[in-house]
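What follows is a set of notes on a single structure, which appears directly below.
The values are calculated or read from the model by the stated rules, or taken from the named source; none is laboratory data. Just so it is clear, the model here is predicted, and its values are computed rather than measured. Every residue, glycine among them, receives a Cβ derived from its backbone with ideal geometry; neighbour counts consider all protein chains shown.
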Amino acid sequence: MTFWRTAALGLALACGAPAGACELVLSEHRSGRELLRLPLAATQPTFEIVFEHSVLGTTVVDRYVPRRDGAGWRAHLVEERFRGEGYGLPYAAGPGETLQRDGDGWRLVLDRVVDPLVVLPLPSQQMRVRAGGRERLLGELSARSVALHVSGCAG
């Protein structure tokens, strides 16, 4: 009976049964050296990149949703929250986007593919990632560009 159970498990895995948990994988962009894995929700996974604006010193939060398409899993920037007006921050919504007041700040709702998703963890910006209820400072992981992608997600 053990042989048949083993064979059934092998067949299930070969036919696409999930092999692992949905995770956000961070690695050095150029070398590919893995730095960290953070768990994501199996259904509707999201993660955020948070940083301090280099001129204004205010916090910017970019929320991403990974979606699978013909090119594989790609990060979609779906929301940006920020305070103030300054270099690199949106001042108007683009086609299909919405820019609205959010308390004393702004909220841009959009759906923009960012592929590859690579960030430079400058110490002055305190670049960090939030996923699975955890937050990590990227500068503690590497001084080089960090690539983010998802792995093991269903769908």
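Assorted remarks:
- Hits in the range 116-144 - residues which are in contact (Cβ under 8 Å) with a residue 60 or more places away in the chain, of a type in the set (Gly, Ala, Ser) and surrounded by 14 or more Cβ atoms within 10 Å (Cβ to Cβ): 131, 132, 142
- Of all residues in the range 68-109, those satisfying the criterion of being assigned to a loop (DSSP other than H, G, I, E, B), exposed (fewer than 13 other Cβ atoms within 10 Å of the Cβ) and of a type outside the set (A, V, I, L, M, F, W, C) are 70, 85, 87, 88, 91, 94, 95, 96, 103, 104.
For every residue, the table says whether it meets (1) at pLDDT 95 or above; (2) in contact with a Ser or Thr (Cβ under 9 Å, 6 or more places away or on another chain).
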site: 50; (1), (2): yes, yes
site: 61; (1), (2): yes, no
site: 72; (1), (2): no, no
site: 78; (1), (2): yes, yes
site: 84; (1), (2): no, yes
site: 93; (1), (2): yes, no
site: 96; (1), (2): yes, no
site: 99; (1), (2): yes, no
site: 102; (1), (2): yes, no
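- First in the range 25-48 and at pLDDT 95 or above, second anywhere and β-branched (Val, Ile, Thr), Cβ under 6 Å, 6 or more apart: 26/146; 29/118; 37/25; 46/65; 48/61
- Yes/no for residue 46 being surrounded by 12 or more Cβ atoms within 10 Å (Cβ to Cβ) and closer than 18 Å to residue 153 by Cα: yes
- With respect to the conditions (1) touching a strand residue (DSSP E or B) at 6+ places or on another chain (Cβ under 6 Å); (2) among the hydrophobic types (A, V, I, L, M, F, W, C); (3) surrounded by 15 or more Cβ atoms within 10 Å (Cβ to Cβ); (4) under 22 Å from residue 43 (Cα atoms), residue 113 falls short on a single one, namely (3).
- Of the criteria (1) at positive phi; (2) crowded, with 16+ Cβ neighbours inside 10 Å, which one residue 57 fails: (2)
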